[in-house]
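The values are calculated or read from the model by the stated rules, or taken from the named source; none is laboratory data. Because the structure is a prediction, the values reported are computed rather than measured. Counting neighbours? That spans all protein chains shown, and the Cβs are built from the backbone with ideal geometry, glycine included.
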């Protein structure tokens, strides 16, 4: 195989296996090349990825070491894309009863969903995460997009029990916005004790749904590794969640005049912290 072909194939493999530690011996055997040649190839790939802001390669020394690709969203491109979504979401026709927004079209668009996943996952670089959790249904596309960049499985919490789930754990929680008692259900086989879980949700008003997922994790003996939401509401009177990452913030909804105001979330600070963690790693 020519070196140019090898570089393309090697890069493609790394992009398809983010966050996975791959021994250099794997590439050496795959391409029938010396480790020194593979190391040179990886240096070229790493330089190109970083110059184009596609992410970076992290090398782990030692007998059990290797290299892994870390996807990282470009901060300037992220701002531009979120600003584009912000303008779309401020359309008055998206306003729903109760001050909610219609966002299903964005969450059904692969371009936006994949970008949301990449931006959000970049905010959790350096965190120990075993899986990504969300509650059905609108959070599912985002959860899968985030999990794809983290190379972790997705766990979906249901509202009702299903025969195909086997034995389940049910918890009741109070919705932070409606103050109604609701139920969450998760199969007993879904989580092992001490699992580190990243919680993802599409919209957070008072945090009742996320708080319910936290309660559910406690029943399994699992822990929260982080919380990420696509859009948060600026209403803070009865917010149940304090530490989280948000991409956008719903600042104001004037139902009478059908006016929607959206601002950036708090992800910028999370980006800076994640970059520091990556440097330490």
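For this structure, a couple of remarks:
- Each residue in region 190-207 was checked for being within 20 Å of the chain's Cα centre (by Cα) and closer than 18 Å to residue 156 by Cβ, and 12 pass.
- Per-region count, region 132-163, residues touching a residue at least 60 places away in the same chain (Cβ under 8 Å) and over 24 Å from residue 74 (Cα atoms): 4
- Residues of region 212-237 that are assigned to a helix (DSSP H, G or I) and either surrounded by fewer than 19 Cβ atoms within 10 Å (Cβ to Cβ) or outside the structural domain of residue 103 (by TED's automatic domain parsing) (or both): 215, 218, 219, 220.
- Taken together, the criteria place residue 155 among residues that are surrounded by 14 or more Cβ atoms within 10 Å (Cβ to Cβ), at pLDDT 95 or above, in contact with a strand residue (DSSP E or B) (Cβ under 9 Å, 6 or more places away or on another chain) and not in a loop (DSSP other than H, G, I, E, B).
- Qualifying residue in region 166-189 (condition: under 13 Å from the mean Cα position of the chain (by Cα), touching a residue at least 60 places away in the same chain (Cβ under 8 Å) and farther than 25 Å from residue 80 by Cβ): no
- Test: residue 150 is surrounded by 15 or more Cβ atoms within 10 Å (Cβ to Cβ) and over 14 Å from the mean Cα position of the chain (by Cα): no
- Residue check for residue 38: over 18 Å from residue 122 (Cα atoms), surrounded by 15 or more Cβ atoms within 10 Å (Cβ to Cβ) and touching a strand residue (DSSP E or B) at 6+ places or on another chain (Cβ under 6 Å): no
- Some residue of region 116-132 being exposed (fewer than 14 other Cβ atoms within 10 Å of the Cβ), in a loop (DSSP other than H, G, I, E, B) and out of contact with any helix residue (DSSP H, G or I) (no Cβ under 9 Å at 6 or more places or on another chain): yes
- Some residue of region 98-115 being without any contact (Cβ under 8 Å) to a residue 24 or more places away in the chain, part of a strand (DSSP E or B), assigned by TED's automatic domain parsing to the domain that holds residue 239 and touching a helix residue (DSSP H, G or I) at 6+ places or on another chain (Cβ under 7 Å): no
- Residue 206 being in a loop (DSSP other than H, G, I, E, B), within 27 Å of residue 101 (Cα to Cα) and either without any contact (Cβ under 8 Å) to a residue 60 or more places away in the chain or in the same structural domain as residue 123 (by TED's automatic domain parsing) (or both): yes
- The condition of being at pLDDT below 95 and in the same structural domain as residue 264 (by TED's automatic domain parsing) holds for only one of 148, 161, that being 161.
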